[in-house]
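Shown next, in structure tokens, is the structure this report addresses.
The values are calculated or read from the model by the stated rules, or taken from the named source; none is laboratory data. Given the structure is predicted, the values throughout are model-derived calculations rather than measurements. Cβ: placed from backbone, ideal geometry, glycine included. Neighbour counts: every protein chain shown.
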Amino acid sequence: MAKLTLETITPLHIGGGNRYSGAEFVLKDNTLHRVSLDRLLRSLSADQIEALTDRLEGLMRIGFM
């Protein structure tokens, strides 16, 4: 069996099989951050969740998401 050595030319993430949506990431200062939607939603009030839901539904209506 041949032995191979690989050199990555970009950052590499080896995950645990979890799948995330694009809504769970934020690019800030050229660094990609993952946002925990569960944690975010737990920290919001009912009014804030309703406002966020309204905005997301608006984006879906115009085909942004």
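Looking at region 12-24, which of its residues are of a type in the set (D, E, K, R) and either modelled with pLDDT of 90 or more or not in a loop (DSSP other than H, G, I, E, B) (or both)? It would help to see each step written out before you state the result.
Residues of region 12-24 that are of a type in the set (D, E, K, R), as a first pass: 19, 24.
Hit for region 12-24 is E24, nothing else.
I'd like the full set of residues that are surrounded by 10 or more Cβ atoms within 10 Å (Cβ to Cβ), among the polar types (S, T, N, Q) and outside any helix (DSSP H, G or I), limited to region 25-55.
S36, the sole residue that qualifies.
If the requirement is being surrounded by 10 or more Cβ atoms within 10 Å (Cβ to Cβ), among the small types (G, A, S) and out of contact with any Asp or Glu (no Cβ under 6 Å at 6 or more places or on another chain), which of these qualifies: G58, G16, G63, G22? Walk me through it before giving the result.
Values: G16 fails: surrounded by 10 or more Cβ atoms within 10 Å (Cβ to Cβ); G63 fails: surrounded by 10 or more Cβ atoms within 10 Å (Cβ to Cβ); G22 fails: surrounded by 10 or more Cβ atoms within 10 Å (Cβ to Cβ).
Going through G58, G16, G63, G22 in turn, just one is surrounded by 10 or more Cβ atoms within 10 Å (Cβ to Cβ), among the small types (G, A, S) and out of contact with any Asp or Glu (no Cβ under 6 Å at 6 or more places or on another chain): G58.
So for region 4-11 (the condition being of a type outside the set (A, V, I, L, M), loosely packed, with under 10 Cβ neighbours inside 10 Å and part of a helix (DSSP H, G or I)), does at least one residue qualify?
Looking for residues that are of a type outside the set (A, V, I, L, M), loosely packed, with under 10 Cβ neighbours inside 10 Å and part of a helix (DSSP H, G or I), one finds none in region 4-11, hence no.
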